[in-house]
Amino acid sequence: MARRSAPLLRRLVSSPPPLPGHGAAARRTVTYMPRPGDGTPRPVTLIPGDGIGPLVTGSVQQVMDAMHAPVYFETYDVHGDMPSVPPAVIDSIRRNKVCLKGGLATPVGGGVSSLNMQLRKELDLYASLVNCANVPGLPTRHKNVDIVVIRENTEGEYSGLEHEVVPGVVESLKVITKFCSERIAKYAFEYAYLNYRKKVTAVHKANIMKLADGLFLESCREVASKYPGIEYNEIIVDNCCMQLVSKPEQFDVMVTPNLYGNLVANTAAGLVGGTGVMPGGNVGQDHAIFEQGASAGNVGNDNLVEQKKANPVALLLSSAMMLRHLQFPSFADRLETAVKRVVAEGKYRTKDLGGTSTTQEVTDAVIANLD
């Protein structure tokens with residue numbers, strides 16, 4: 001038996017020849033050893049969402065099918081103007097543990113609750129993670145940007161605790177707790193430790209909000225003391241925004257309360273190509289929802305929907321994050337490599353990246369570049 005398996009072992013441990021046109025740097029080695037049962041298909045709850053959502057989630061489905069990824073989707077029709085998330089959707093996510101979601105449009109004003117917030121609270125998805133990094137081949141003002149924004153997702157200004165005291169006077173409560181602050185700080189430092197990151201920066205406004213943001217900082221400092229190998233610093237949120245657009249390369253991992261993280265992530269996304277290339281996810285102890293990393297401001301863009309020219313790159317990269325979360329790292333690598341290769345070649349790009357391609361053309365190019 002050992003004699004028969006020797007050629008196979010030699011083939012596994014040897015690097016394959018470089019892909020045409022990609023040189024020695026494209027050589028891949030065997031990194032992931034499958035365990036029995038790893039290839040069992042996993043169910044994933046799919047919410048196509050509003051506007052461009054069905055276009056980009058459709059792109060993900062096509063690519064997953066093309067590379068025979070071990071996932072299958074349970075699709076639910078959910079829209080941002082619904083009064084609440086249907087119980088069947090919540091039950092599906094609880095059962096499957098993982099969800100892929102297109103954008104849900106939230107009506108501005110009018111007292112309509114955000115379904116995005118409902119999902120995060122219902123499932124206790126306390127950590128939002130957005131990776132804002134330069135994509136090879138995509139020209140931007142700044143180089144060497146690789147920032148991970150980790151944002152507390154369940155409290156702060158987004159608690160939704162608002163009421164009208166008297167006509168014309170509205171009171172909105174910002175809630176900060178030690179439990180949630182410590183929890184998000186631990187997540188940020190664990191992420192930095194496990195991903196070989198060197199620095200964690202806490203973003204705050206404790207010079208004005210001395211009790212609320214002061215509690216957040218106190219929690220971050222306590223957690224930081226347990227990770228002596230990771231540099232820790234703090235920055236006031238207004239200075240943070242200025243530093244982001246002038247010297248973004250100084251930041252590594254950023255941990256923030258809810259509202260600040262939303263602003264910081266979108267600012268960082270603008271530095272490296274926009275929301276169309278930023279992957280992200282919302283994770284909790286038991287469940288995770290993967291979606292476009294920065295705010296989907298183009299969800300309601302009727303022109304993109306009519307012309308079918310929405311950019312699927314962000315959700316494809318978020319799907320790669322999802323595959324890693326599901327412990328299918330080799331499939332994640334294949335997907336991420338194909339997407340980045342298409343962007344680098346520059347032949348197929350949507351309008352936001354300086355091209356004229358349709359969603360389908362980008363999707364077909366990604367499928368053609370799958371190893």
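Quick notes on this structure:
- Scaling against 2.2 N^0.38 Å puts the C-alpha radius of gyration of the range 141-271 at 1.10.
- Entries of Lys143/Lys174; Lys226/Lys340; Lys309/Lys340 with Cα pairs more than 29 Å apart: Lys143/Lys174; Lys226/Lys340
- Debye intensity ratio in log₁₀ form over the Cα atoms of the chain, taken at each q of 0.06 Å⁻¹: -0.24
- Per-residue ellipticity at 222 nm from helix content only, as computed over the chain with -39500 (n - 2.57) for each DSSP H run of at least four residues, stands at -12000 deg cm²/dmol.
- With respect to the chain, whose longest principal axis is taken over its alpha-carbon atoms, helix 258-271 is tilted by about 50°.
- Sites Lys143 and Arg95 - FRET efficiency at Förster radius 45 Å, r taken between beta-carbons, to 0.05: 0.55
- Euclidean distance between Cα centres, the range 148-168 to the range 34-105, Å: 27
- Antiparallel bridge percentage (DSSP; both residues within the chain; nearest 5): 45
- Between Lys247 and Val169, the simple spin-label model (points 7 angstrom out along Cα→Cβ) gives 4.5 nm.
- Peptides 244-251, 200-207, ordered by how many other C-beta atoms sit within 10 Å of their residues on average, highest first, read 200-207, 244-251.
- Cα-projected label distance for Met117 with Asn233, points at 7 Å along beta-carbon direction, nm: 3.4
- Peptides 345-356, 120-131, 253-264, 184-195 ranked from most to least packed, by the mean per-residue count of other Cβ atoms within 10 Å: 253-264, 120-131, 184-195, 345-356.
- Degrees, to the nearest 10: 313-325 long Cα axis against longest axis of the chain: 80
Values in this text are rule-based calculations from the coordinates and carry no lab data. Computed from a prediction, not measured in an experiment: that's the story for all the values here. Note that we place each Cβ from the backbone using ideal geometry, even for glycine, and neighbour counts take in every protein chain shown.
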